[in-house]
1. Among V202, L189, A175, whose Cα lies farthest out toward the positive end of the dipole of the range 165-291, if unit charges sit on the beta carbon of Lys, Arg (+1) and Asp, Glu (-1)?
2. Starting from the Cα of K296, draw a straight line to each of the lysines and keep only those under 18 Å, dropping any in the same chain fewer than 8 residues away.
3. With each pseudo-label sitting 7 Å past Cα toward Cβ, what's the M240-E79 distance in nm, one decimal?
4. Alpha carbon centre of the range 226-275 versus the range 76-93: separation in Å?
5. Taking the Cα centre of the range 68-226 as origin and charging only Cβ (+1 Lys, Arg; -1 Asp, Glu), how large is the dipole, in debye to the nearest 20?
6. Name the residue from Y223, M240, S125 whose Cα lies farthest towards the positive end of the charge dipole of the range 75-246, charges +1 on Cβ of Lys and Arg and -1 on Cβ of Asp and Glu.
7. Ranked from the most accessible area to the least, with a 1.4 Å probe and all protein chains present, what is the order of R280, R140?
8. Round to the nearest 10 and report in Å² the accessible area of S184, as given by a 1.4 Å probe over the protein chains' heavy atoms.
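The values are calculated or read from the model by the stated rules, or taken from the named source; none is laboratory data. What you see is a predicted model, and the numbers here were worked out from it, not measured in a lab. Reconstructed Cβ throughout: ideal geometry from the backbone, glycine too, with neighbour counts over all protein chains shown. Each accessible area value is taken on the protein alone, full model and side chains, heavy atoms only, with ligands, DNA and RNA left out. Shrake-Rupley method; radii C 1.70, N 1.55, O 1.52, S 1.80 Å.
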Amino acid sequence: MFIQMDFKKIILIVFLFLVLFLSLFYLLKQNDKDSVSKDALSPEEQMVSDRISPMGNGEGFWDEAISPFREDRTKPYLELLEDLKSGKVNFVWEVWALRRKCNPDFTPDQCNATILAYIDAEYDSPDREKVKDLFVSYFRYEEEYRKWEQPTDLNFIELYEKIKAKRREILSDKADLIFGMEESQVSFLEGTNNFIKQTAGVPTELRVKQFEEFKKKTYGNYYDSLVSREDKFDHYQMEMSLRDKELISITDPKEKEKYLFKIESKYFGKEKAEALANERKKETKLWESVSTYEAKEKEFLRENRNLSEADKEKKLKELRIQILGSEEEADAYLRRKNIEEAGK
C-alpha cells in the first residue's frame with residue numbers, strides 16, 4: 001500500500017508541474033515589446049495598449065473578443081471570495097477555462113486582456129475592481145514566475161516550499177486564495193505516508209478515525225470541496241490500506257466476506273457491494289477449477305506419455321472444457337497460461 005500512495009504522489013507531482021509548465025509555455029509565446037510611454041501605464045492598460053489596440057479598438061472588435069465568455073454566469077465578488085476560500089472554485093482552473101475560450105490566433109497577452117475586458121463588461125463597481133485585481137495579480141505572478149530561475153539541486157518538497165515562498169513574495173495574501181487548495185493537497189499527500197508509518201501499530205478502527213481527522217485538519221476549509229471531488233474508489237482503497245493487517249488476520253472466508261461487504265457498502269452502496277461479492281465468488285470458483293484442472297493435467301500427462309502430441313492436446317482440451325465449464329473459459333485459461341509462460 002505504500003507503493004500505491006507513492007504512485008498517487010507521483011501523479012499529483014506530475015500534474016502540478018504540468019500546470020506550471022503549461023503556464024510557462026503559454027507565457028513564453030509572448031513578444032517582449034518595450035516602449036517609453038508604456039511605463040506609465042498599469043499592467044492591464046499595457047496589455048490593452050500593446051496587444052489589443054494594434055488590432056483595432058472599435059465596438060465590433062470588442063464584442064467579438066468578449067463574446068466567447070457570455071454564456072458564463074459571473075459571480076459577485078463576495079461569492080467568488082467565499083468559493084475560493086472553501087475550494088469550491090479553483091482560481092487557476094478558472095483562468096485556464098477562460099483562456100481556452102480565447103480566439104486561437106490571440107497572443108497570451110491579448111487573451112489576458114480579453115479576460116479583463118470581459119470583467120469590465122460584466123461587473124459593476126466595486127466588484128469590477130476587486131475581481132479584476134485578482135486576475136491582474138495572477139497575470140503579474142505568471143510574468144514573475146517566468147523570469148524566476150528555480151533551484152535545480154532540491155527534491156520536490158524542498159522545491160515546492162520555494163515555490164510557495166515565491167508565490168507569497170509576489171501575491172502576498174492573494175497566494176492563499178489562488179493556490180491554497182493545491183497546497184493543502186500536496187501537504188496531505190506528503191503527510192499521508194508519514195501517517196501510515198507512524199500509526200502502523202494503532203488499532204484499526206482508531207487508525208481509520210485518526211486518518212479522517214488528519215485529513216480534515218490538513219485540508220482545512222477545503223475539506224468538503226476536495227472530498228466531494230475525490231473518487232469513491234480512492235477513498236475505499238485508502239481505508240483498505242489502513243485495514244490491511246486486520247483483514248489479513250481474518251482467516252475464515254465467510255467472515256472476510258462480511259468484513260469486505262461492510263466496507264464496500266459504506267462507499268458504493270449495498271447493491272454494488274453485492275455485485276462485488278458475487279464477482280469474488282466467481283473468481284474464487286474459477287481458480288478452484290483451475291487448480292483442479294492443473295492437477296488433473298499433470299496426472300493425465302504422467303499416465304499418457306506415449307500419446308501423440310495431437311491426441312494429448314485433444315484430450316486436454318476436453319478436460320479443460322469439462323472442468324472449467326465451457327469452451328470459452330477453457331480458451332481463456334489457455335491464453336492466460338501462454339501469456340504467463342511467454343513472460344517468464
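1. Checked the options; the winner is V202.
2. The qualifying lysines are K285, K312, K314, K315, K317, K337.
3. Rounded to a tenth, the inter-label distance reads 4.1 nm.
4. First find each Cα centre; the distance between them is then 34 Å.
5. Details: 26 positive and 31 negative charges, 79 e Å.
Using Cβ point charges on Lys, Arg, Asp and Glu, the range 68-226 gives about 380 debye.
6. Value computed over the given set: M240.
7. Reading off the accessible areas and sorting them downward yields R140, R280.
8. Only protein atoms counted, so the area is about 10 Å².
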